[in-house]
Protein chains: 2
Amino acid sequence: MERPPAGWILSLGEELLTGRVVDRNAPWLADRLLRMGVTVEGMNTMGDSPGELTSFLECLDPFPRLLISTGGLGPTADDRVRHEVAGLLGVGLVDATEESVAALETLWQNQHESPAPEHFLDQARVPEGARPLRNRAGTAWGFAVSLPAGGRLFCLPGPPGECRSAFLDGGAEDEIQGSQRDCGGILQGLFHTSGVPEAVVEEKIRDLMEAGGNPSMGITAHGKQVTVSVLAKDEPGGEGADAILEARAVELRERLGDLLWGRDDETLEGVVVRELSLRGQTLATAESCTGGRLASAVTSVPGASVVFRRGWVTYADEAKVQELGVAIETLEAKGAVCEETARAMAEGARAKASADWALAVTGIAGPDGGSREKPVGQVWLALAGPDGTWAVQRMQWARGGRLAIQDGSVRDSLEILRRELAGLPRLPERPANRVARLPGDA
Amino acid sequence: MERPPAGWILSLGEELLTGRVVDRNAPWLADRLLRMGVTVEGMNTMGDSPGELTSFLECLDPFPRLLISTGGLGPTADDRVRHEVAGLLGVGLVDATEESVAALETLWQNQHESPAPEHFLDQARVPEGARPLRNRAGTAWGFAVSLPAGGRLFCLPGPPGECRSAFLDGGAEDEIQGSQRDCGGILQGLFHTSGVPEAVVEEKIRDLMEAGGNPSMGITAHGKQVTVSVLAKDEPGGEGADAILEARAVELRERLGDLLWGRDDETLEGVVVRELSLRGQTLATAESCTGGRLASAVTSVPGASVVFRRGWVTYADEAKVQELGVAIETLEAKGAVCEETARAMAEGARAKASADWALAVTGIAGPDGGSREKPVGQVWLALAGPDGTWAVQRMQWARGGRLAIQDGSVRDSLEILRRELAGLPRLPERPANRVARLPGDA
């Protein structure tokens, strides 16, 4: 069994180096490679000045590797990848397929009076001897070439949809998959939790996380979601990666218990929609400070229409009264951010939508509107259901700003519903979800 | 006038190499550096195995540079940055401040019965001679050191909130700003458009985009937003970067005309909220396929409560009837995705919310529910206002999937309102917003 080749990802483009664009291609490619057993050793982001790619490839190529570049294949003058790679290999550019250049010429003629400029047509050309990678989402072809010292380089377009098309439909993934057939396997599992801070999760599994172990493990927090990752490798002459991964999965389920709600591509909103759907139950939402984010999280799930019928964004007080039947007296006496308002919003939404469940959120998202009693980040959540209404105050981490407070409130309310549907104990009312202030801190 | 030093960003962590986490620190830092006149030449993402950082720094250091690393400063065994940097410099670790280690010890004692382990306390130590960078958002201190060949290295924590704290409050930004005082200036301007494809924008400014020019320019499309970037540098002994940037801004306003709606940090929802706010007008939303995303875009803007009073997510047909007064006959005869339903939703929302304007969205977000007549991606948008109601069908690019269709619909509806508020001509009803099918394409 050969060791699988390590991967390296190159992201090209000035827009990445100025911080204007967040690189989504590199993580996506890393994940696809990992699923095929290729671990990515490094990633580089570089500009598009002449010669930059060439000198990098000359430096990296001596180590036989799987290299994937994104960007630099388009129609403009700073798209130099085709020419640089052809130059490095000492070959010219040829048509990707018999009809590729003519097709682009036709496309141009449909929109312009003039003949297509060469730099536009170059998008349908690849270095001689390269494997063309068709891009169904745009005009620029990708390609794959073998480098002088044995590395294999896949050049993909930069726009994320085109990068994915050239990788998936264009044949890059198939080729890598094929070359991996006899290599040792690597499998990744992701295990998601919500409702408690990263440190609480880590404490439960710290002894499993020793460096250099198989499987190797990591923990990452994304807002209110804490994910444990497990990377399992085939033991030479021993257990397979799948058995190693599944044994660890069993262990994690024991350690993390009901904090664990999902695995791999599962999302908290997806789990909630699935569970409601299995029960034939429906959900309504009533939002103030989250302004529609809870409803959009739920409706981001394909098929959500089976369980989600309607929602309200009652941002203004009079909307809470008129749409959801919150009592004016409550708002006058206690304000919009209090237990009574949250309960009344949830109950009003549940009744008006004739839904089995209703979630309500009302709080101070900031940056203004906070006070000593009701600081920015204070949020009341309520869940109305078949057995009554339950409300809880959660403090959101205000330093993350308005969006973090809104997102944290959405996560918390979905987690509340998930636990209720699963018959789990309710989370404590005021969790320690702030970073503790240090004694020496000003 | 000295040339400003170039920057280089190192992102450390296995979670980045497996694609599990999207690196948000590197673009954020690149943007902060650029504002101070430091251009980032390259970015690297690497794992955290022993020696990896050391060998990289040894390779990169000979070129005097500003290096910024993120990650690898936490309490676990794979957080090796402090020790590796101290090893490279041949020094030991010392307490960041007189009370830093004692403070962490106290923090640990508050939560545990046992004394704090050394790897936990190491978070409050820095290499001898380093400048400590306080991190108010977490427990791990950052630090800055000078490398043997003259480079200056800033080591920041990996969690985005902590990275920002150590950079902004910890003193890194101040130091870089100070060292930049006598260097040539660089300024970036971003110019945002919506409503037409990237190619249409490019055609209007192609002659301004020649490589190597000052200012240098780029174009990026983010869903339905197309942004033109301009990077201006001081001309040695000549015009300043600010004059060069502003001259180009004037030119772009002439070329792009009413397609241009904002600059730099402005967002389309922010512009719409500001314009409504200036007029003392209000907005309501009625959403079907966007499921709350339009309302959450509007309420993501601080101060949106002045103009946004309430919104509905009428996902189910009966919700459209009961909440917004859409006629059952319309839904039965023409379905939920048609001009009449969109108009009725907008008019119902405007009347019920007593708002000046109401935007309605109804369409097929997929992946299921499409038909020959109403394919996935078909969306009807309606705007009800003081002078009546206007509806338009827009085709969203279905290959981007459910979220791209939802987001595209939100962008289009905000752009419709922006143009109406500004008294601009309405966009064509069926824009060529699909990538043309190529003649040779299957």
task: Only one of these is at pLDDT 90 or above and either surrounded by 21 or more Cβ atoms within 10 Å (Cβ to Cβ) or not basic (Lys, Arg) (or both): B:213, B:158, B:218. Name it.
output: B:158
field: Selection from region A:280-303 of residues that are touching a residue at least 24 places away in the same chain (Cβ under 8 Å), touching an Asp or Glu at 6+ places or on another chain (Cβ under 8 Å) and either charged (D, E, K, R) or facing chain B (nearest Cβ under 10 Å) (or both)
entry: A:282, A:293, A:294, A:297, A:298, A:300, A:301, A:303
query: Listed residues B:314, B:330; which is among the polar types (S, T, N, Q) and farther than 26 Å from residue A:290 by Cα?
result: B:330
query: So which of B:284, B:319 ends up being touching a strand residue (DSSP E or B) at 6+ places or on another chain (Cβ under 6 Å), small (Gly, Ala, Ser) and under 22 Å from residue A:302 (Cβ atoms)?
result: B:319
task: Scan (1) closer than 30 Å to residue B:207 by Cβ; (2) within 10 Å of chain B (Cβ to nearest Cβ); (3) at pLDDT 85 or above; (4) in contact with a helix residue (DSSP H, G or I) (Cβ under 9 Å, 6 or more places away or on another chain) for the single condition residue A:13 breaks and write down its number.
output: (4)
- prompt: Any residue at all in region B:262-270 that is within 12 Å of chain A (Cβ to nearest Cβ), hydrophobic (A, V, I, L, M, F, W, C) and over 17 Å from residue B:393 (Cα atoms)?
  reply: no
task: Name every residue in region A:361-373 that is under 19 Å from residue A:402 (Cβ atoms) and either away from chain B (no Cβ under 13 Å) or touching a strand residue (DSSP E or B) at 6+ places or on another chain (Cβ under 7 Å) (or both), in order of residue number.
output: A:361, A:362, A:363, A:364, A:371
task: With a cut-off of at least 2 residues that are under 33 Å from the mean Cα position of the chain (by Cα), name the helices (runs of 4 or more DSSP H) lying wholly within region A:74-150.
output: A:81-89
query: Quick one: in region B:273-319, which of the residues that are in a helix (DSSP H, G or I) and touching a Phe, Trp or Tyr at 6+ places or on another chain (Cβ under 9 Å) is surrounded by the fewest Cβ atoms within 10 Å (Cβ to Cβ)?
result: B:305
query: Is region A:340-349 home to any residue that is under 28 Å from residue B:325 (Cβ atoms) and surrounded by fewer than 20 Cβ atoms within 10 Å (Cβ to Cβ)?
result: no
field: Subset of region B:194-242 that is among the small types (Gly, Ala, Ser), within 21 Å of residue B:258 (Cβ to Cβ) and in a strand (DSSP E or B) - its residue that is farthest from the other protein chains (Cβ to nearest Cβ)
entry: B:194
message: I need a count of the residues in region B:207-248 that are more than 18 Å from residue A:49 (Cα to Cα), touching a strand residue (DSSP E or B) at 6+ places or on another chain (Cβ under 6 Å) and small (Gly, Ala, Ser).
response: 1
field: Criterion (at pLDDT 95 or above and more than 18 Å from residue B:272 (Cβ to Cβ)) met by exactly one of B:283, B:324
entry: B:324
query: Only one residue in A:262, A:257 is assigned to a helix (DSSP H, G or I) and either closer than 17 Å to residue A:192 by Cβ or of a type in the set (Ser, Thr, Tyr) (or both). Which one?
result: A:257
- prompt: Which one of these is touching a Ser or Thr at 6+ places or on another chain (Cβ under 8 Å), touching a residue at least 60 places away in the same chain (Cβ under 8 Å) and not assigned by TED's automatic domain parsing to the domain that holds residue B:231: B:346, B:316, B:336?
  reply: B:346
query: When only residues in region A:320-350 that are of a type in the set (Val, Ile, Thr) and in contact with a Phe, Trp or Tyr (Cβ under 9 Å, 6 or more places away or on another chain) count, which is nearest to residue A:409 (Cα to Cα)?
result: A:337
task: Return yes or no: is residue A:124 within 11 Å of chain B (Cβ to nearest Cβ), under 24 Å from residue A:52 (Cα atoms) and buried (at least 18 other Cβ atoms within 10 Å of the Cβ)?
output: yes
field: Residue list for region B:42-90, restricted to those being at pLDDT 80 or above and among the β-branched types (Val, Ile, Thr)
entry: B:45, B:54, B:68, B:70, B:81, B:85
task: State whether one or more residues within region A:79-94 are of a type outside the set (S, T, N, Q), in contact with a His (Cβ under 7 Å, 6 or more places away or on another chain) and on the phi < 0 side of the Ramachandran plot.
output: no
All positions within region B:30-45 that are small (Gly, Ala, Ser) and not in a strand (DSSP E or B): B:30, B:37
Within region A:357-376, tally of residues that are among the small types (Gly, Ala, Ser) and crowded, with 23+ Cβ neighbours inside 10 Å: 4
task: Could you please tell me which pairs satisfy a Cβ distance under 6 Å, a separation of 6+ or placement on different chains, a first residue in region A:173-193 that is surrounded by fewer than 16 Cβ atoms within 10 Å (Cβ to Cβ), and a second residue that is modelled with pLDDT of 85 or more?
output: none
Count of region A:324-355 residues which are within 13 Å of chain B (Cβ to nearest Cβ), over 18 Å from residue A:381 (Cα atoms) and not in a loop (DSSP other than H, G, I, E, B): 2
Subset tally (residues that are surrounded by fewer than 22 Cβ atoms within 10 Å (Cβ to Cβ), modelled with pLDDT under 90 and in contact with a helix residue (DSSP H, G or I) (Cβ under 7 Å, 6 or more places away or on another chain)) for region B:396-426: 5
- prompt: When residue B:39 is evaluated against the numbered criteria (1) farther than 18 Å from residue B:68 by Cβ; (2) at pLDDT below 90, which criterion, by number, is the only one it fails?
  reply: (1)
- prompt: When only residues in region B:37-60 that are in contact with a helix residue (DSSP H, G or I) (Cβ under 9 Å, 6 or more places away or on another chain) and within 17 Å of residue B:146 (Cβ to Cβ) count, which is surrounded by the fewest Cβ atoms within 10 Å (Cβ to Cβ)?
  reply: B:58
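The values are calculated or read from the model by the stated rules, or taken from the named source; none is laboratory data. Owing to the predicted nature of the structure, the values given are computational and were not obtained by experimental measurement. We place every Cβ from the backbone using ideal geometry, glycine too, and count neighbours over all the protein chains shown.
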